[in-house]
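**Q** There's a structure below that I have some questions on.
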Amino acid sequence: MPDANRSLNFPALLNARDLGGYPTRDGAETRWRSLLRADDLVQLTDAGLRAIADYGIETVVDLRWPEEVAASPSPISANLPHVRYHQISLLARTGAEWDELRDACTKEMWKCTVLDNARSELKTVLRVIANSSPAPLLFHCVAGKDRTGVIAALLLAIADVTPTAIAHDYAMSTTRLRDAYLQRYAKQDPAEVIEAVRCPEEGVHNMLAYLQQAGGIRSYLERIGLTDADVTRLRARLRA
């Protein structure tokens, strides 16, 4: 998998990458320059904002909680008014709710917990992506690993990407964030920082098993309220 080609140079993001080039079950690859995942766009420098514009991104989906957006407003609307900006709180409405959800299960199982408990929010996010222009779309949260990771995993599953590749995409956040976060949070226990950025591949495999037990990805998406047309458009974002 060409991970070097997948990295996006949007200064000063740590965890920005393209979902293109991943192998699918039928031997194809996912489409490049369509769906992008990233960490918090608040980190963007002026050069980073120019890079976002030059890349041709037309839609940004911000998955942060309202409290996070209020504390650190997105730079997109003020600096790139031509980009359509959607803020959709995913997994919880506040940090306290997230802590409760996170503490209810292990990291290896939390994606399954999300699929159970955030159906309405997942439907909203996926429907926005399905109905956006075909130009590059970027979705992000703060670290770009948990909320962003579950959306990326679902989109790759819809495109029939191999389980190994979906798990690989999720786990990449660990290596991309580890050193920078150890420096950023140098006053904290290094073991706690490393655990915070750990993205276990097993979590994706458990999520895919959950979806299989639910009758498959399409059956799950139908159950949460997406239409066949929505799913077809989502698949087309990553498949020729």
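**Q** Report yes if Arg178 is free of Cβ contacts under 8 Å to residues at least 12 places away in the same chain, closer than 28 Å to Tyr55 by Cβ and not polar (S, T, N, Q), otherwise no.
**A** Answer is no for this residue.
**Q** Just one of Asn5, Asn15 is surrounded by fewer than 22 Cβ atoms within 10 Å (Cβ to Cβ) and not small (Gly, Ala, Ser); which is it?
**A** Testing whether each residue is surrounded by fewer than 22 Cβ atoms within 10 Å (Cβ to Cβ) and not small (Gly, Ala, Ser) leaves just Asn5.
**Q** Sticking with this one: Restricting to the range 154-197, what's the tally of residues that are among the aliphatic types (A, V, I, L, M) and closer than 22 Å to Leu221 by Cβ?
**A** Total satisfying the criteria: 10.
**Q** Please indicate, with yes or no, whether at least one residue in the range 30-43 is under 19 Å from Ala153 (Cα atoms), in a strand (DSSP E or B), in contact with a Ser or Thr (Cβ under 8 Å, 6 or more places away or on another chain) and at pLDDT 95 or above.
**A** Looking for residues that are under 19 Å from Ala153 (Cα atoms), in a strand (DSSP E or B), in contact with a Ser or Thr (Cβ under 8 Å, 6 or more places away or on another chain) and at pLDDT 95 or above, one finds at least one in the range 30-43, hence yes.
**Q** Return the pair list, or none, for Cβ contacts closer than 9 Å from residues in the range 102-113 that are touching a residue at least 40 places away in the same chain (Cβ under 8 Å) to residues that are of a type in the set (Val, Ile, Thr), at least 6 apart or on different chains.
**A** The qualifying pairs are Trp110/Val150; Lys111/Val150; Lys111/Val204.
**Q** Ok, one more. If you take the residues of the range 190-234 that are polar (S, T, N, Q) and in a helix (DSSP H, G or I), which of them is farthest from the chain's Cα centre (by Cα)?
**A** Gln213
**Q** Could you list, in sequence order, the residues of the range 71-110 that are of a type in the set (D, E, K, R) and within 22 Å of Cys199 (Cβ to Cβ)?
**A** Once the filter is applied, which keeps residues that are of a type in the set (D, E, K, R) and within 22 Å of Cys199 (Cβ to Cβ), the range 71-110 yields Glu97, Asp99, Glu100, Arg102, Asp103, Lys107, Glu108.
**Q** Being more than 15 Å from Asn206 (Cβ to Cβ) and out of contact with any Leu (no Cβ under 8 Å at 6 or more places or on another chain) is the filter here; which residues of the range 98-125 pass it?
**A** Scanning the range 98-125 gives Asp99, Glu100, Arg102, Asp103, Arg119, Ser120, Thr124.
**Q** When the residues of the range 51-102 are filtered to those that are in a helix (DSSP H, G or I) and of a type in the set (Phe, Trp, Tyr), which remaining residue is farthest from Ile129 (Cα to Cα)?
**A** Per the stated criteria, the residue is Trp98.
**Q** While we're looking at this one, here's another question. Any chance the range 179-189 includes a residue that's buried (at least 17 other Cβ atoms within 10 Å of the Cβ), of a type outside the set (A, V, I, L, M, F, W, C) and not in a helix (DSSP H, G or I)?
**A** Scanning the range 179-189, I find no residue that is buried (at least 17 other Cβ atoms within 10 Å of the Cβ), of a type outside the set (A, V, I, L, M, F, W, C) and not in a helix (DSSP H, G or I), so the answer is no.
**Q** Looking at (1) free of Cβ contacts under 8 Å to residues at least 40 places away in the same chain; (2) surrounded by 14 or more Cβ atoms within 10 Å (Cβ to Cβ), find the lone condition where Ala96 falls short.
**A** Of (1) free of Cβ contacts under 8 Å to residues at least 40 places away in the same chain; (2) surrounded by 14 or more Cβ atoms within 10 Å (Cβ to Cβ), only one is false for Ala96: (2).
**Q** Going through Ile129, Ile166 one at a time, which residue ends up being in contact (Cβ under 8 Å) with a residue 12 or more places away in the chain, crowded, with 20+ Cβ neighbours inside 10 Å, β-branched (Val, Ile, Thr) and under 20 Å from Asp62 (Cα atoms)?
**A** Ile129
**Q** Name the residues in the range 126-177 that are charged (D, E, K, R) and over 9 Å from the mean Cα position of the chain (by Cα), would you?
**A** Listed by number, the residues that qualify are Arg127, Asp160, Asp169, Arg176.
The values are calculated or read from the model by the stated rules, or taken from the named source; none is laboratory data. In this text the structure is predicted, and so the values were computed from the model without any measurement. Ideal geometry is used to build each Cβ from the backbone, glycine not excepted, and the neighbour counts take in all protein chains shown.
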